[in-house]
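Scroll down for the structure; my scribbles are underneath it.
The values are calculated or read from the model by the stated rules, or taken from the named source; none is laboratory data. Worth saying up front: this structure is predicted, and the values here are computed from it rather than measured. Neighbour counts are summed over all protein chains in view; Cβ atoms, including those assigned to glycine, are modelled from backbone coordinates with ideal geometry.
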Protein chains: 2
Amino acid sequence: MPVLVMKFGGTSVATLDRIRRAAKRVGVEVAKGYDVIVIVSAMSGETNKLVGFVNETSPLFDAREYDAVVSSGENVTAGLMALTLQEMDIPARSWQGWQVPVRTTSAHSAARIEEIPNDNINAKFAEGMRVAVVAGFQGISPEGRITTLGRGGSDTTAVAFAAAFNAERCDIYTDVDGVYTTDPRVSAKARKLDKIAFEEMLELASLGAKVLQTRSVELAMRYNVKLRVLSSFGEQSDDAGTLVCDEEEIMENRPVSGIAFSREEAKMTLVSVADRPGIAAAIFGPLSDAGVNVDMIIQNIAEAGRTDMTFSCPNDQVLRAEKALSEAKERGEINYKELIADKDVAKISAVGIGMRSQSGVAAKMFKTLSAEGINIKVIATSEIKISVLIDRKYMELAVQALHDAFELEKD
Amino acid sequence: MPVLVMKFGGTSVATLDRIRRAAKRVGVEVAKGYDVIVIVSAMSGETNKLVGFVNETSPLFDAREYDAVVSSGENVTAGLMALTLQEMDIPARSWQGWQVPVRTTSAHSAARIEEIPNDNINAKFAEGMRVAVVAGFQGISPEGRITTLGRGGSDTTAVAFAAAFNAERCDIYTDVDGVYTTDPRVSAKARKLDKIAFEEMLELASLGAKVLQTRSVELAMRYNVKLRVLSSFGEQSDDAGTLVCDEEEIMENRPVSGIAFSREEAKMTLVSVADRPGIAAAIFGPLSDAGVNVDMIIQNIAEAGRTDMTFSCPNDQVLRAEKALSEAKERGEINYKELIADKDVAKISAVGIGMRSQSGVAAKMFKTLSAEGINIKVIATSEIKISVLIDRKYMELAVQALHDAFELEKD
């Protein structure tokens with residue numbers, strides 16, 4: 001029988017009642033003839049509670065013990081989901097990561113899945129079991145210890161199972177009903193997309209549209225797993241939600257598919273840095289060591305032999321960045337006149353695979369912002385994305401104006 | 001290095017603060033030179049919460065899924081205890097049942113431990129690890145699924161590890177500071193025993209003094225594990241609490257070591273049963289099938305060919321017993337005139353290995369009760385125990401009188 005993977009996130013299994021509602025959705029797919037692999041997260045709030053226990057016990061915790069503790073939430077949901085399905089007369093059983101086994105690297109708390117043998121579960125399917133419920137987010141290291149994949153890792157578990165079992169589709173049930181052209185809270189004209197390309201989803205995920213864990217999208221792209229994002233609370237049909245798929249499956253060819261934004265950005269400028277070969281490494285090495293996630297970088301030649309270096313990073317990492325840079329200055333590794341931090345900026349990005357073949361997208365974006373009187377502070381581009389930093393107070397206006405300019409409300 | 005097993009129950013690990021206090025006790029033993037195996041229960045309340053989830057999800061649950069769900073509480077405590085010990089610079093790590101592995105039968109929710117290989121943990125001790133923290137109450141079946149040992153099973157886990165590692169002693173930390181001559185809430189003269197024989201402890205445990213799980217005492221007796229019960233909240237010394245040990249290690253030779261009682265008993269009498277070979281089986285077979293725990297049984301010949309049959313059982317099983325017996329009567333398997341249930345009785349027992357060699361214990365017990373005007377309804381005896389059923393209203397009086405008569409307050 002064809003295999004379907006269905007993943008339910010924390011809010012979709014937050015109570016016994018919601019587990020029952022999720023189980024009913026599984027029952028619908030079983031009735032259609034699918035053998036189903038259900039991947040579950042912990043009941044919402046549980047993982048945070050356990051992480052809190054660990055942090056309070058040991059601020060610099062042993063990641064192996066952290067994993068042993070926090071993985072328990074998924075085990076509870078897996079057992080309860082199997083029991084719920086059995087109550088509906090659907091043959092089901094639960095698997096914990098080590099029972100499958102989901103083999104991962106030893107990088108505790110950020111492990112990568114290396115192999116998922118499918119013989120155990122397939123043998124049970126052959127015996128008449130219809131649903132395998134698997135605890136998401138966890139695996140087992142070569143040393144036989146429990147690992148976890150990092151927050152949101154259940155998405156990655158789901159895609160990895162879909163690849164290992166050659167599933168027809170991987171449905172990610174969550175609390176939103178799909179991927180939108182932009183955040184509906186910012187623009188009332190936001191439209192749900194029926195389809196989006198893997199590459200676009202990757203840009204949107206890393207830009208802060210936290211619908212799917214980035215790694216799950218990368219994995220789906222590599223193994224060409226059809227990935228669907230849909231709501232646990234809405235209608236259930238084969239074309240609900242948004243399908244994340246190969247770009248060849250997308251007929252429409254717009255230059256821009258969506259407008260993403262990130263509110264909590266900061267722009268930092270090192271004024272009058274002594275320019276010399278290796279200066280970028282001397283600046284960004286210490287920042288990386290300090291755990292600062294540098295995003296956009298631009299360099300201006302201000303005067304002969306001196307340069308201004310500007311970069312962006314999340315707002316809450318500004319203090320860390322300032323400390324790392326002033327220490328590097330004290331050690332004599334870099335030399336600059338002044339460090340200016342602008343903590344009132346936002347990042348706006350237009351994303352679309354159509355940009356590859358259509359020109360004029362950047363020009364249209366800049367013209368639209370200019371017409372609204374919005375000053376652009378930094379520009380960065382990739383093959384399918386154009387990002388700008390602007391004053392935060394113009395963020396909503398910019399999103400709405402760009403959404404209109406690229407006619408994203410139209411189907 | 002010599003090995004010590006230390007087990008901490010649910011109230012001893014109820015909060016992070018209590019886990020820290022328990023860890024300090026472990027640290028004291030490590031400083032003395034022991035390699036320590038710590039067995040932990042779930043934080044108190046957790047197992048009940050999980051059992052509640054299972055019961056609400058599926059009243060007639062699949063015990064394999066029940067086990068997968070409820071075992072998670074111990075895993076959390078094991079990880080947190082290992083982290084706490086590491087914070088104290090004590091090399092420690094956690095093991096879940098399947099990691100050791102604790103091999104059990106497949107009798108889910110009531111599994112028996114069959115084997116505990118000690119090579120994994122001993123290899124870590126050899127590398128310098130000082131504390132192995134093991135999740136109690138759980139194991140793995142021959143089919144590779146998680147099993148649990150039944151409520152209170154962590155005591156059994158502790159004793160089984162003590163046997164497998166040839167431990168010097170197995171310390172059970174709980175919320176009472178030892179085994180008493182009787183319940184201090186009933187008699188202010190109750191005295192803590194320094195030592196008690198395995199056989200006596202078995203009788204006390206099954207009589208409702210819920211200090212230790214019965215199976216853990218049986219196991220300790222079979223493998224001659226020195227078992228100590230002591231409080232997590234009191235002083236820590238080598239002779240704190242009560243040592244449960246072989247009777248040969250006990251010098252004092254009293255006829256009676258303790259007075260146990262059980263408040264929630266019922267006495268049931270089948271009046272004028274047609275007497276014939278096999279009648280006892282015809283009565284007690286259906287009761288056993290109905291899950292009634294019959295304790296004492298006595299049979300009186302009332303008239304030729306008829307007999308009265310009396311038995312005791314827990315108060316809350318009376319309805320179930322009545323239903324099973326009336327159904328057996330309808331099926332024509334048994335015949336009786338009347339079924340009388342007396343739900344206002346209590347059981348009092350005098351327990352002591354000294355009874356074996358000293359006569360007159362029963363006579364003294366009956367005389368004492370008689371002097372207080374207490375009528376005895378049923379008597380049952382074993383080699384080291386005399387039990388009587390009396391009206392419940394006299395229970396406290398009887399316990400106090402017997403405690404005095406056998407001079408149990410004297411050291």
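Pick out the one residue from B:A282, B:A240 that is among the small types (G, A, S) and either assigned to a strand (DSSP E or B) or farther than 26 Å from B:G352 by Cβ (or both).
None of the other options fit; the residue is B:A282.
In the stretch B:350-360, how many are over 16 Å from B:L204 (Cβ atoms) and assigned to a loop (DSSP other than H, G, I, E, B)?
Adding up the residues that qualify gives 4.
Among the listed residues A:E248, A:E265, which satisfies the condition of being among the charged types (D, E, K, R) and not in a helix (DSSP H, G or I)?
Exactly one residue qualifies, and that residue is A:E265.
Condition first: at the interface with chain A (Cβ under 7 Å from one of its Cβ atoms), β-branched (V, I, T) and within 22 Å of B:G144 (Cα to Cα). Can you find one or more residues in the stretch B:49-59 that meet it?
Yes: one or more hits.
Search the stretch A:22-48 for residues being under 22 Å from the mean Cα position of the chain (by Cα) and part of a helix (DSSP H, G or I), and hand back the single one that is farthest from the other protein chains (Cβ to nearest Cβ).
Once the filter is applied, the top-ranked residue is A:N48.
Can you confirm whether B:R64 is surrounded by 20 or more Cβ atoms within 10 Å (Cβ to Cβ), within 10 Å of another protein chain (Cβ to nearest Cβ) and closer than 27 Å to A:I90 by Cβ?
It is true that B:R64 is surrounded by 20 or more Cβ atoms within 10 Å (Cβ to Cβ), within 10 Å of another protein chain (Cβ to nearest Cβ) and closer than 27 Å to A:I90 by Cβ.
So the check is Cβ under 8 Å with 6+ separation or different chains; which pairs have a first residue in the stretch A:73-90 that's at the interface with chain B (Cβ under 7 Å from one of its Cβ atoms) and assigned to a helix (DSSP H, G or I) and a second one that's charged (D, E, K, R) and surrounded by 24 or more Cβ atoms within 10 Å (Cβ to Cβ)?
A:G79/B:E65; A:L80/B:E65; A:A82/B:E65; A:L83/B:E65; A:Q86/B:E65
Any residue that is part of a loop (DSSP other than H, G, I, E, B), within 20 Å of the chain's Cα centre (by Cα) and modelled with pLDDT under 95 - is there at least one of those in the stretch A:152-166?
Yes, that holds for at least one residue.
Residues are listed down the side, and each one gets a yes or a no for (1) surrounded by fewer than 19 Cβ atoms within 10 Å (Cβ to Cβ); (2) touching a residue at least 40 places away in the same chain (Cβ under 8 Å); (3) not acidic (D, E):
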| residue | (1), (2), (3) |
| --- | --- |
| B:L230 | no, yes, yes |
| B:E235 | yes, no, no |
| B:L243 | no, yes, yes |
| B:R263 | yes, yes, yes |
| B:R276 | yes, no, yes |
| B:F284 | yes, no, yes |
| B:T307 | no, no, yes |
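Go over the candidates A:D35, A:D17, A:D62 one by one and state the one that is in contact with a Pro (Cβ under 9 Å, 6 or more places away or on another chain) and either farther than 17 Å from A:G152 by Cα or of a type in the set (V, I, T) (or both).
Unique residue meeting the criteria: A:D35.
Give me a count of the residues in the stretch B:17-47 that are surrounded by fewer than 24 Cβ atoms within 10 Å (Cβ to Cβ), touching a Leu at 6+ places or on another chain (Cβ under 7 Å) and among the hydrophobic types (A, V, I, L, M, F, W, C).
Final tally of qualifying residues: 1.
Identify all residues within the stretch A:369-407 that are at negative phi and of a type in the set (D, E); write none if there are none.
A:E372, A:E383, A:D391, A:E396, A:D404
So B:P59 fits all but one of (1) under 23 Å from A:N55 (Cα atoms); (2) modelled with pLDDT under 95; what number is the exception?
Just one mismatch for B:P59, condition (1).
For the stretch B:116-131, enumerate the residues that are assigned to a loop (DSSP other than H, G, I, E, B) and not polar (S, T, N, Q).
The answer is B:I116, B:P117, B:E127, B:G128, B:M129, B:R130.
Given the options A:A363, A:A324, A:A401, name the one that is touching a Leu at 6+ places or on another chain (Cβ under 6 Å), assigned to a helix (DSSP H, G or I) and not polar (S, T, N, Q).
Exactly one residue qualifies, and that residue is A:A324.
Inspect the stretch B:208-222 for any residue being at pLDDT 95 or above, part of a loop (DSSP other than H, G, I, E, B) and not assigned by TED's automatic domain parsing to the domain that holds B:A346 and give the result as yes or no.
The answer is no, given that none of the residues of the stretch B:208-222 is at pLDDT 95 or above, part of a loop (DSSP other than H, G, I, E, B) and not assigned by TED's automatic domain parsing to the domain that holds B:A346.
Looking at the structure I just gave you, is B:V159 closer than 23 Å to B:N224 by Cα and either crowded, with 24+ Cβ neighbours inside 10 Å or of a type in the set (D, E) (or both)?
When the stated conditions are applied, B:V159 passes them.
Has the stretch B:290-308 got any residue that is more than 30 Å from B:Q358 (Cα to Cα), in a strand (DSSP E or B) and of a type in the set (A, V, I, L, M, F, W, C)?
yes
For the stretch A:327-349, how many residues meet the condition of being assigned to a strand (DSSP E or B) and out of contact with any Lys or Arg (no Cβ under 7 Å at 6 or more places or on another chain)?
So the answer is 7.
Could we say that A:F53 is at pLDDT below 95 and in contact with a helix residue (DSSP H, G or I) (Cβ under 7 Å, 6 or more places away or on another chain) here?
So A:F53 fails the test.
What are the residues in the stretch A:143-193 that are within 14 Å of chain B (Cβ to nearest Cβ) and of a type outside the set (V, I, T), if any?
Of everything in the stretch A:143-193, those that are within 14 Å of chain B (Cβ to nearest Cβ) and of a type outside the set (V, I, T) turn out to be A:E143, A:G144, A:R145.
Kindly list, by first and then second residue, each pair from a residue in the stretch B:359-374 that is of a type in the set (D, E) to a residue that is assigned to a helix (DSSP H, G or I) and at pLDDT below 95, limited to pairs with Cβ atoms under 7 Å and residues at least 6 apart or on different chains.
As it stands, the answer is none, since no pair meets every condition given.
Limited to the stretch B:3-21, what total is found for residues that are within 14 Å of another protein chain (Cβ to nearest Cβ) and in a helix (DSSP H, G or I)?
7
Evaluate the following for A:I301: is it modelled with pLDDT under 90, of a type in the set (A, V, I, L, M), in the same structural domain as A:R263 (by TED's automatic domain parsing) and farther than 26 Å from A:Y180 by Cα?
yes
Among the residues of the stretch B:62-82, what is the count of those that are of a type in the set (S, T, Y) and under 16 Å from A:K49 (Cβ atoms)?
2
Inside the stretch B:366-398, can you point out the residues that are assigned to a loop (DSSP other than H, G, I, E, B) and within 25 Å of the chain's Cα centre (by Cα)?
B:E383, B:I384
Return the pairs, sorted by first residue and then second, in which the second residue is of a type in the set (S, T, Y), the first residue lies in the stretch B:336-350 and is farther than 13 Å from B:S262 by Cβ, the beta carbons are less than 6 Å apart, and the residues are 6+ apart or on different chains.
B:K337/B:S272; B:I340/B:T269
Name the residues in the stretch B:98-107 that are more than 12 Å from chain A (Cβ to nearest Cβ) and either under 24 Å from A:N55 (Cα atoms) or part of a loop (DSSP other than H, G, I, E, B) (or both), would you?
Correct list: B:V102, B:T105, B:S106, B:A107.
Among the residues of the stretch A:120-128, are any under 16 Å from A:I39 (Cβ atoms) and surrounded by fewer than 16 Cβ atoms within 10 Å (Cβ to Cβ)?
yes
Please work out which one of (1) within 7 Å of chain A (Cβ to nearest Cβ); (2) out of contact with any Phe, Trp or Tyr (no Cβ under 8 Å at 6 or more places or on another chain); (3) of a type outside the set (V, I, T); (4) closer than 11 Å to B:V133 by Cβ is the condition B:W95 fails and give its number.
Exception for B:W95: condition (1).
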